[in-house]
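Notes follow the structure.
The values are calculated or read from the model by the stated rules, or taken from the named source; none is laboratory data. Computed from a predicted structure; not experimentally measured. Every residue, glycine among them, receives a Cβ derived from its backbone with ideal geometry; neighbour counts consider all protein chains shown.
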């Protein structure tokens with residue numbers, strides 16, 4: 001049985017957008033908690049962040065009054081950028097992982113081994129970044145031997161403009177977030 005109201009394209013797009021927004025918000029809550037834990041070393045303070053973020057659901061009407069104290073454009077720009085980074089970010093990593101897995105398979109590794117090695121590499125890099133207090137650039141330098149295989153690969157990525165491509169991708173997601181907000185009533 002088809003629900004008639006779901007036949008409206010605008011409503012379907014709105015519901016899809018809200019669903020993606022919920023994923024982005026969930027990622028934001030998780031990332032903020034982890035960041036506070038890493039920054040302070042305190043699980044209690046990370047728990048407090050989770051509690052405060054959960055409380056915002058109950059306090060939503062009052063938070064609107066608080067947000068109104070800030071320039072609306074600033075609040076929206078921050079929200080669009082957070083959506084572009086945390087809401088869309090997992091897909092960026094999945095795409096890079098797909099490319100690593102495919103490159104390994106092209107060079108003769110069986111699919112299952114290429115997949116497992118890709119996942120282990122991504123997990124290890126994320127864990128190293130999470131547990132370290134060093135900036136990501138320092139971690140990259142620490143795992144790159146001068147004149148070695150990693151340096152050769154990074155030179156290709158730099159020459160291909162990876163940083164600029166990522167910057168353009170995040171900017172595109174940021175712009176699209178703003179467009180969707182404007183289209184569905186959050187100018």
Top-ranked residue in segment 163-187 [being closer than 23 Å to residue 103 by Cα and touching a helix residue (DSSP H, G or I) at 6+ places or on another chain (Cβ under 9 Å); ranked as surrounded by the fewest Cβ atoms within 10 Å (Cβ to Cβ)]: 163
Residue check, residue 57 out of contact with any helix residue (DSSP H, G or I) (no Cβ under 8 Å at 6 or more places or on another chain) and modelled with pLDDT of 75 or more: no
If I ask for residues that are in contact with a helix residue (DSSP H, G or I) (Cβ under 7 Å, 6 or more places away or on another chain), exposed (fewer than 13 other Cβ atoms within 10 Å of the Cβ) and either outside the structural domain of residue 154 (by TED's automatic domain parsing) or free of Cβ contacts under 8 Å to residues at least 12 places away in the same chain (or both), which ones from segment 94-142 would you list? 111, 136
Among the candidates 152, 160, single out the residue that is farther than 23 Å from residue 89 by Cβ, in the same structural domain as residue 101 (by TED's automatic domain parsing) and out of contact with any helix residue (DSSP H, G or I) (no Cβ under 9 Å at 6 or more places or on another chain). 152
